[in-house]
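Data block below; observations after.
The values are calculated or read from the model by the stated rules, or taken from the named source; none is laboratory data. Everything numeric here is computed off the predicted structure, so don't read it as measured data. Here the Cβ positions follow ideal geometry from the backbone for every residue, glycine too, while neighbour counts run over all protein chains shown.
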Amino acid sequence: MKSENERTNDGAPRRGRVLVFSGPSGVGKGTLLKRLFAETDFPLVSSVSATTRSPRPGEIDGVDYRFLSRDEFLRRREAGEFLESFEVYAGGALYGTLRADVEAALERGDWVVLEIDVKGAASVAATYPDAETIFIEPPSIEALRERLKGRGSEDDAEIEKRVAQAEAELAASGFYRRRVVNDDLDEAYKKILAFLSEK
Ligand code: 5GP
């Protein structure tokens, strides 16, 4: 596949693209994105979100997230540094995308991948009307529940919280330009590839 990071006639890099991926926890978003990064020549870069939640074992500051104290997060939010920021789970941590990171990537001609929740996606789509917004959905809520159970990383109460969150996200996801049902991983991957190759 040829690189899409071409130059315009005056030699400046072509402005990049914003690619927003959302979908319930356990839907297989991470696996699909990993494949996209490993197997395509698209000039993809991940946007590293900021969050006030604590790092999980193995997570690296500046790679998985920028882990900020709540005070620091709120100060930067007040200063207008966030393109979008939300409390993803009610009463929980704050998450946000830093505007400067996204703009720098776009100017380099990169395709910036944002893996963010539905509220964040709506906000990004309002700022960047050309953003590609892709919602990955499970074949059914029951299938999602089974997947979360199979992962074994959450207890039953946590699973039900995520299932309820998934139902709410599905209900609010009508504005996405693309939808991909992750029933068969290969099929879902091909569909995403086709969407990204369209222009
Ligand atoms: P986790 O804590 O499991 O890493 O992420 C929880 C949720 O936060 C995921 O659904 C993820 O999409 C969302 N998220 C991660 N970063 C951001 C962000 O910068 N903005 C928004 N709005 N959501 C985010």
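One table, with the values for the structure above:
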item	result
Those residues of the range 77-102 which are closer than 27 Å to residue 43 by Cβ and either touching a residue at least 24 places away in the same chain (Cβ under 8 Å) or surrounded by 14 or more Cβ atoms within 10 Å (Cβ to Cβ) (or both), in sequence order	81, 82, 83, 84, 85, 95, 96, 97, 98, 99, 101, 102
Unmet requirement for residue 59, which otherwise passes all of (1) closer than 30 Å to residue 13 by Cβ; (2) within 11 Å of the ligand (Cβ to nearest atom)	(1)
Wholly within the range 68-151, strands (runs of 3 or more DSSP E) carrying at least 1 residues that are more than 24 Å from residue 195 (Cβ to Cβ) and not β-branched (Val, Ile, Thr)	82-87, 94-98
The one condition in (1) within 12 Å of the chain's Cα centre (by Cα); (2) more than 10 Å from the ligand (Cβ to nearest atom) that residue 29 fails to fulfil	(2)
Considering residues of the range 55-65 that are in contact (Cβ under 8 Å) with a residue 12 or more places away in the chain and touching an Asp or Glu at 6+ places or on another chain (Cβ under 9 Å) only, the residue surrounded by the fewest Cβ atoms within 10 Å (Cβ to Cβ)	55
Subset of the range 16-45 [touching a helix residue (DSSP H, G or I) at 6+ places or on another chain (Cβ under 8 Å) and either modelled with pLDDT under 95 or of a type in the set (Ser, Thr, Tyr) (or both)]	22, 24, 25, 26, 27, 28, 31, 40
Filter result (within 20 Å of residue 24 (Cα to Cα), in contact (Cβ under 8 Å) with a residue 60 or more places away in the chain and of a type outside the set (A, V, I, L, M)) within the range 121-140	132, 133, 135, 137, 138
Index of the failed condition, residue 44 passing every other in (1) aliphatic (A, V, I, L, M); (2) more than 25 Å from residue 144 (Cβ to Cβ); (3) near the ligand (Cβ under 10 Å from one of its atoms)	(3)
Scope the range 105-131; condition more than 16 Å from the ligand (Cβ to nearest atom) and not basic (Lys, Arg); matching residues	106, 107, 109, 110, 111, 129, 130
